[in-house]
1. Residue by residue through segment 111-123, what is 3J(HN,Hα) from phi via Karplus (6.51 cos²θ - 1.76 cosθ + 1.60, θ = phi - 60°)? Round to whole Hz and write x for glycine and proline.
2. At a Cα cut-off below 20 Å, give the aspartates and glutamates reachable from residue 17, other chains included and same-chain residues fewer than 8 away excluded.
3. Sorted from fewest to most neighbouring beta carbons within 10 Å, what does the list 113, 147, 90 look like?
4. Convert 4 °C to kelvin, take the viscosity as 1.567 mPa s, use the Kirkwood radius over C-alpha pairs of segment 107-171 as Rh, and evaluate the Stokes-Einstein diffusion coefficient in µm²/s, rounded to a whole number.
5. Subtracting the Cα-Cα distance from 0.36 nm times the residue separation, let me have the gained length for residue 135 to residue 150 in nm, one decimal.
6. Per 5 Å bin, what percent of the C-alpha pairs of segment 58-176 does each bin hold, from zero upward?
Amino acid sequence: MNITATHINYYHVCKRKLWLFTHGINMEHTSDTVYDGKLLHETSYPQRAAKFTEIEMSATTKDGVQLLGKIDFYDAKEKIIHEVKRSDRVEEAHEWQVKFYIWLLELNGIQGVHATLEYPKLRQTDEVWITEPDREYLKEVIHKIAVLQESEVCPSRINSKICKSCSYYELCYVGE
């Protein structure tokens with residue numbers, strides 16, 4: 001079983017979205033919002049590709065769960081993860097996503113890392129650090145995601161304002 005930063009993000013946004021994603025139902029390719037986010041990511045800081053490193057890493061938990069991460073911009077000298085986001089509407093999910101990256105780096109022996117969440121459209125940045133309670137929380141979330149992946153029952157919709165901009169919106173609200 002694999003768990004990625006996307007799983008962590010979706011866990012904090014919507015359990016139904018996470019369940020659909022873990023069961024191979026991917027809707028991002030049909031979403032203008034996702035496309036806009038990718039375009040923003042590619043054009044906001046064009047110099048980054050030459051300056052910072054893209055890294056992929058993995059670790060295995062004691063339970064045998066494979067943790068995978070792909071960080072687009074990592075400044076190895078300053079030990080800073082740069083994560084570009086379109087909006088701060090689900091900021092908590094963004095924070096847990098980069099905390100997962102920090103934790104994954106620590107599991108690979110790289111200590112003292114922190115992250116910068118960047119919202120170019122808002123001209124806003126937020127620093128993110130990880131604490132010991134955060135690490136324990138991530139272990140709990142990994143377990144809960146694993147349980148959700150094994151479940152045959154799709155969670156209910158959350159009926160939130162964020163649903164309207166979700167790539168799974170039409171799937172969740174098809175009968176209405």
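Derivation of every value follows stated rules applied to the coordinates shown; laboratory data play no part. Bear in mind that the values here come from a model prediction, so they are computed numbers and not experimental data. Here Cβ is always computed from backbone atoms with ideal geometry, including for glycine, and neighbour counts include all displayed protein chains.
1. 3J(HN,Hα) across segment 111-123, in whole Hz: 9, x, 8, 9, 10, 10, 7, 10, 10, x, 5, 9, 6.
2. Qualifying aspartates and glutamates at Cα under 20 Å: 28, 32, 36, 88, 91, 92, 95, 140, 150, 152, 170, 176.
3. Values: 113 22, 147 9, 90 19.
Listed from fewest to most nearby Cβ atoms, that is 147, 90, 113.
4. Numbers: Rh = 15.8 Å.
The diffusion coefficient I find is 82 µm²/s.
5. This chain segment gains 3.1 nm when fully extended.
6. 2, 9, 17, 18, 18, 16, 11, 6, 2, 0, 0
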